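Read the figures in this text as sums done on the coordinates, not as results from a lab. Not measured: the values here are computed from a predicted model. Neighbour counts are summed over all protein chains in view; Cβ atoms, including those assigned to glycine, are modelled from backbone coordinates with ideal geometry.
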């Protein structure tokens, strides 16, 4: 396989048509080698428009979703980022290329360890990986400029809004199959949050994501 030709086709045929036009984001997709974060058994699928299985019931996002979310978050060089769901480590690598630091939380130890090794192999030193359950909240007194939930959640915990610094952005896919919406929440100077629905999509839920209260007769 001609990897660079496949990468070019991924960008031009999948990602640009999905309204990803930020040249900084597009250039980054050529710099951070996606295939290096894909499990060896599925490496031939690294540039295909599909979710790639990581084991343990987890999947990599599609390339176009990764790129679109990165564009919507508009990462700044001084940003402190929280990623909930490390997965393969690839999206953490993309975030780290634009942000000052990234804290990435993964509930499955095997995935966290594999991602840590791959990030280290790429010389990425501004990602700190943690093993833990952050589907509902992750305490950190410093707060974050950007929070990304890489799995869906039926309900978006209010705790996440409280973790955002002034001007901070939170990306989450909210709802249950088949109706899920990608949302971008921005925190204003007054502490209020403004939520915008970006598009509809469908991804696997976060383990232990908050659930709607059961209706009792």
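Extension gain for residue 26 to residue 78 (0.36 nm times residue separation, less C-alpha to C-alpha distance): 16.7 nm. Exposure proxy for 18, 160: other Cβ atoms within 10 Å of each Cβ, ordered fewest to most, give 18, 160. Relative contact order of the chain, taken over Cα pairs closer than 8 Å and 6 or more residues apart, is 15 percent. Using the Cβ-Cβ distance between residue 136 and residue 204 with R0 set to 25 Å, the FRET efficiency works out to roughly 0.90.
The alpha-carbon positions of the stretch 3-201 define a convex hull whose volume is 115 Å³ per residue. Note on the stretch 12-38 and the stretch 143-205: Cα centroid distance 23 Å, given to the nearest whole angstrom.
Beta bridges per DSSP, both residues in the chain: antiparallel share near 50 percent. Estimated purely from DSSP H runs of n ≥ 4, each contributing -39500 (n - 2.57), the mean residue ellipticity at 222 nm for the chain is -7000 deg cm²/dmol once divided by its residues. At full extension, residue 8 and residue 128 could sit 40.2 nm farther apart than now, given 0.36 nm per residue minus the alpha carbon distance. Computed from Cα positions, the angle between helix 63-73 and the longest principal axis of the chain comes to roughly 50 degrees. Relative contact order of the stretch 84-124: 51 percent, from C-alpha pairs under 8 Å at least 6 residues apart in sequence.
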